[in-house]
1. Only one of these conditions is not met by ASP141: (1) free of Cβ contacts under 8 Å to residues at least 40 places away in the same chain; (2) buried (at least 20 other Cβ atoms within 10 Å of the Cβ); (3) among the charged types (D, E, K, R). Which number is it?
2. May I ask you to list the residues in the stretch 29-56 that are surrounded by fewer than 16 Cβ atoms within 10 Å (Cβ to Cβ) and either over 21 Å from ASN82 (Cα atoms) or small (Gly, Ala, Ser) (or both)?
3. If I filter the stretch 7-20 down to residues being of a type in the set (A, V, I, L, M, F, W, C) and open to solvent by 60 Å² or more (accessible area, probe 1.4 Å), which single residue comes out as farthest from ALA54 (Cα to Cα)?
4. What is the number of the single condition among (1) open to solvent by 70 Å² or more (accessible area, probe 1.4 Å); (2) touching a residue at least 60 places away in the same chain (Cβ under 8 Å) that TYR112 does not meet?
5. May I ask you to list the residues in the stretch 57-88 that are touching a Ser or Thr at 6+ places or on another chain (Cβ under 9 Å) and surrounded by 16 or more Cβ atoms within 10 Å (Cβ to Cβ)?
Amino acid sequence: DWVRRLVDTRMVLISPMTNAVGSATRRRDELGIDPNRDFPFDQSAGSCMQTVTARTVNEIYRAHLLQLVVTFHGGMQAIGYNWGAYPYWRGVPSRSPDDAAMRDVAAVMSRYAGSGRVNRAPYRYSTMNEIVYPVHGGMEDWGYA
């Protein structure tokens, strides 16, 4: 019953293969650029949006007012959310105003994903600063800003 209400009252957008170029070439990068770091947050806007991946995500953001975005990284088996940029790392990660909601959604995604049939461990989830490391140009912080 609650699932039907969610489906009837929300639009859920899923991009199942955001980095299609990387998948097709079996590389993380696209033309030598990491698409996960190709966004204008905490770096020069002029050096961003060079990959098809970043431009695709940008168009989704331009077309829809997104209230919540959580990234599901299949390669490293992680579910990440903001914060992930250097300004939000001071030896320990800072928490965004929506951290509790992001953490709750990520926990449900982790339970649903199970092990991903890779290493039998559930998908890890946390802020990008905790689960990966601080970056310049991360999609999660760009999208949240």
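The values are calculated or read from the model by the stated rules, or taken from the named source; none is laboratory data. Source: prediction; values computed, not measured. All Cβ positions, glycine included, derive from the backbone under ideal geometry; neighbour counts span all protein chains shown. Heavy atoms of the whole protein, side chains included, go into the accessibility calculation; ligands, DNA and RNA do not. Shrake-Rupley method; radii C 1.70, N 1.55, O 1.52, S 1.80 Å.
1. (1)
2. LEU31, GLY32, SER44, ALA45, GLY46, SER47, GLN50
3. Across the stretch 7-20, the extreme among qualifying residues is VAL7.
4. (2)
5. VAL57, THR71, GLN77, ALA78, ILE79, GLY80, TYR81, ASN82, TRP83, GLY84, TYR88
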